[in-house]
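Okay, so here's the structure we're looking at.
The values are calculated or read from the model by the stated rules, or taken from the named source; none is laboratory data. Being a predicted model, the structure only gives us computed values, none of them experimental. Note: ideal-geometry Cβ built from the backbone for every residue, glycine included; neighbour counts use all protein chains shown.
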Amino acid sequence: MTYSLNSNFRLIDCNETEYSGAILDILNEAIINSTALYDYLPRSQESMKNWFSVKKENGFPVIGIIDETKKLLGFASWGTFRAFPAYKYTVEHSIYIHHEHRGCGLSKILMQELIRLAQEAELHVLIGCIDATNQASIGLHEKMGFIHAGTFKQVGFKFGKWLDAAFYQLNLNTPQQPVDG
């Protein structure tokens, strides 16, 4: 099954009160069952309050895709790449899809929207950090024009094995007039 945006599916701006539980469920499933996140323990509802607060304070988007029943099927966001001023035009993005809807094209829809929002925000580089064994995510990034920027070997340890983190980047034609400071 492949999804496309139509009357049954739509992009939304996720807010803390309505979708925090669904976002938490998607994240925690990924933490418990995959190497998409290099976390060990499920996150708490309290940690989501902080997560949303950081997103809001920094003007970082949290977008979702819902079905006709308003069930959150996936979400995407970005955050600070590195906490130094000269990185202000670069962000690290994340996309997570509910486990029942992976492989159906939702990530592509969310990625297209992240790219559009990044251009609108006058950003220059989107960075994706992907577990090197996650061929689906790597394939999506490559199809969307991202290039492999490097792999850090054995930087994570989860499920009894060392994990390699692959970095992919997409350079945008924005901002039109970047400035120092």
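Brief remarks on what is shown
- Apart from one condition, Ile130 fits all of (1) closer than 25 Å to Gly105 by Cβ; (2) surrounded by 17 or more Cβ atoms within 10 Å (Cβ to Cβ); (3) out of contact with any helix residue (DSSP H, G or I) (no Cβ under 7 Å at 6 or more places or on another chain); the exception is (3).
- Of all residues assigned to the stretch 106-126, at least one qualifies as being in a strand (DSSP E or B) and either surrounded by 17 or more Cβ atoms within 10 Å (Cβ to Cβ) or in contact (Cβ under 8 Å) with a residue 24 or more places away in the chain (or both).
- The stretch 133-156 - residue that is closer than 22 Å to Ala86 by Cα and in contact with a Leu (Cβ under 9 Å, 6 or more places away or on another chain) and, of those, surrounded by the most Cβ atoms within 10 Å (Cβ to Cβ): Phe146
- If the condition is being surrounded by fewer than 15 Cβ atoms within 10 Å (Cβ to Cβ), in contact (Cβ under 8 Å) with a residue 24 or more places away in the chain and either closer than 18 Å to Glu113 by Cβ or out of contact with any His (no Cβ under 8 Å at 6 or more places or on another chain) (or both), then the stretch 157-179 contributes Phe159, Asn173, Gln176.
Conditions (1) without any contact (Cβ under 8 Å) to a residue 40 or more places away in the chain; (2) assigned to a strand (DSSP E or B); (3) not basic (Lys, Arg), marked per residue:
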| site | (1), (2), (3) |
| --- | --- |
| Leu37 | yes, no, yes |
| Tyr40 | no, no, yes |
| Glu46 | yes, no, yes |
| Lys49 | yes, no, no |
| Ser53 | yes, no, yes |
| Ile63 | no, yes, yes |
| Thr69 | yes, no, yes |
| Ala76 | yes, yes, yes |
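- Residue match in the stretch 79-91 (condition: within 23 Å of Asn15 (Cα to Cα), in a helix (DSSP H, G or I) and modelled with pLDDT of 95 or more): no
- Residues that are among the basic types (Lys, Arg) and either crowded, with 17+ Cβ neighbours inside 10 Å or more than 30 Å from Asp164 (Cβ to Cβ) (or both) within the stretch 29-75 comprise Lys49, Lys55, Lys56, Lys70, Lys71, listed in sequence order.
- Qualifying residue in the stretch 138-154 (condition: over 21 Å from Tyr19 (Cβ atoms), modelled with pLDDT of 95 or more, in a strand (DSSP E or B) and among the polar types (S, T, N, Q)): yes
- Residue match in the stretch 103-114 (condition: over 19 Å from Arg10 (Cβ atoms) and at pLDDT below 95): yes
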